[in-house]
Structure formats: C-alpha cells, structure tokens
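In what follows, a single structure is set out as structure tokens and then discussed.
The values are calculated or read from the model by the stated rules, or taken from the named source; none is laboratory data. Keep in mind it's a predicted model, so treat the numbers as computed, not measured. We place every Cβ from the backbone using ideal geometry, glycine too, and count neighbours over all the protein chains shown. Side chains included, ligands, DNA and RNA excluded: accessible areas come from the protein's heavy atoms. Shrake-Rupley method; radii C 1.70, N 1.55, O 1.52, S 1.80 Å.
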Amino acid sequence: MDDELQQLRNPGYARTRSARRAGWLHQAGWLLARLVAAFLFLSVTMVVIYRFVPVPVTLTMIFDPNGITKEWVPLSKIDRNMVDAAIAGEDGKFCQHHGFDQDAILKAWERNQEGGRIRGGSTISQQTAKNVFLWQGGGYVRKALEAWFTVLIETIWGKRRIMEVYLNVAETGIGTYGVEAGAQRYYKKPAARLSRVEAARIAAAFPQPKVRAVTGATGFTRRHGNVIAARVNTVRADYDTCVYQ
C-alpha cells in the first residue's frame, strides 16, 4: 500500500526503486563473478605449486585429534609393490580413466540403493583431490569441488604425480599419513623395501585406516589383503604403465 501511494504521489518513485534493485543485482553479480574468478585463480595456482612442491599438510591432518606422523618421500623411494597394491585395491582402472570411473560410480550407486553400508566409487585421482584440497565427509558442495580439483590434477599433474601425492598423504593408520610413515610404523623399514604382502596389507587398510589393522589383521581385512597381493603381478603386467612409462 505504501508503495502504491508513493507511486501516485511521485511518478518517478517506481523508476527509482527499479533502478536501485537493478543496481543491487548488478553489484551482487559483480561480487559473485569476482569470487568465482578468485577461486579459479587460487585453485589453479595451488595445483600448479603442488605439481612440484611436496604437500606440507592437509585439512584432514590439521583436524586429526591423534596428531600427525608423516614423512614425504618421492615415488622413486616407494617400492613398486606399493603402487601396484594401491591400484589393485583402490582403482584398477587408474591408468585407463581420466579421473572418473563411471562404471564404478554406477555400480556403487546401484549397491547403495539396496541399503546397508554406503559405498563410494571414487578413483585414486578423486581421493587425492579430496585429501589434498578439501575435507572429509559428503555433501554436494564438496563433491562438486572434488570433481573440479580432480579435473585439474589430471590435467596439470598427470598420473605419476597423482600417485606420488596420494601415497604421501593417504591415511595409513591412526595419526599416520603416507606409506613411508606406515611402513616405518608397521614394519620398521622404509617404503622402498616393502614386500608384496606388506604393501597389500597397507593398501587393504586405506578405506578405513582407523579401524582396519595392518599387522595382525583378521577377517575381511586379511582376506582383502590376500586378494590385493594376488593381483599385484597382474597390475604390474598391464595396469601401472601410466606411472612407470
């Protein structure tokens, strides 16, 4: 009613009000565009930097109440058994896809419709993007950001660097990050000297490192580790070429 009275008394009121609204929308749109541009610039810059520089810390590490034990090592100092075990256990198509395994995503979605424990279809590339740049947990926003960073690291880093970063930031036990720290914790040796079985046991714990035992494993974890160990030779023959060639 007040607006109608104002328009009757002042014919220019409606035009002024519309102009104010248009001005506010323009400012909001300009601010949003600047925020998006800043995010794109910062995200690309971070990915380029981490193409060459070891990742110093992640949000998962920062918020881990158990502290952080980690040691960065180049891929040349990680036994090939560990690389092949990671592929066998986490992402058999690592060298075939470009960041996303659509078959695995579809199968995970179909299984989740049946109820029970929620399963994901994330590739090593997606896990690396999440571990390095984002936080744990679900949600559409985080998944969208994960997809963006996955595209970036696939484009800028390449497969060898993705594997190197993954094996250095993945949680391998309570408060333990990276396979070097895991190898030292569980086997008192460097990751460069892991046997096939030892690497398979570490890889078997990747999905749930806080609850799956690497040494003295029983039940599913033990069986899963044995399956991974059996697959290592197959991976080496056909499925790790993007890392070593």
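Details
- GNM top mover of Thr234, Thr150, Thr221 - the chain, alpha-carbon springs below 10 Å: Thr234
- Carbon + sulfur, % of accessible area of the chain - ligands and nucleic acids excluded, 1.4 Å: 58
- Computed over neighbours whose Cβ is under 11 Å from that of Lys70, the net charge equals -3, Lys and Arg +1, Asp and Glu -1.
- A 1.4 Å probe run over the stretch 54-243, with the rest of the protein chains in place, finds 48 Å² accessible per residue.
- Hypothetical label at Leu59: residues of the stretch 166-199 whose amide nitrogen lies under 20 Å (7 Å Cα-Cβ projection): 166-172, 175-178
- Note on the stretch 156-207 and the stretch 213-228: Cα centroid distance 16 Å, given to the nearest whole angstrom.
- Rounded to the nearest 0.05, the FRET efficiency derived from the C-beta distance between Arg51 and Ala22 at R0 = 35 Å is 0.20.
- With each label modelled as a point 7 angstrom along the Cα→C-beta vector, the Phe39-Ala237 pair spans 4.6 nm.
- When the trypsin sites (Lys or Arg not before Pro) in the stretch 150-203 are filtered for DSSP coil states and for at most 14 other beta-carbon atoms within 10 Å of their beta-carbon, the remaining sites are Lys188.
- Stretchable slack from Gln245 to His98, in nm (0.36 nm times residue separation minus alpha-carbon distance): 51.2 nm
- Taking 0.692 mPa s as the viscosity and 37 °C as the temperature, the Stokes-Einstein diffusion coefficient of the chain based on its alpha-carbon Kirkwood radius rounds to 162 µm²/s.
- Of the residues Leu32, Leu75, Leu42, the one that moves most in a GNM of the chain with alpha-carbon contacts below 10 Å is Leu32.
- Structure-based [θ]222 nm, the chain - -39500 (n - 2.57) summed over DSSP H runs of at least 4, per residue, nearest 500: -20000 deg cm²/dmol
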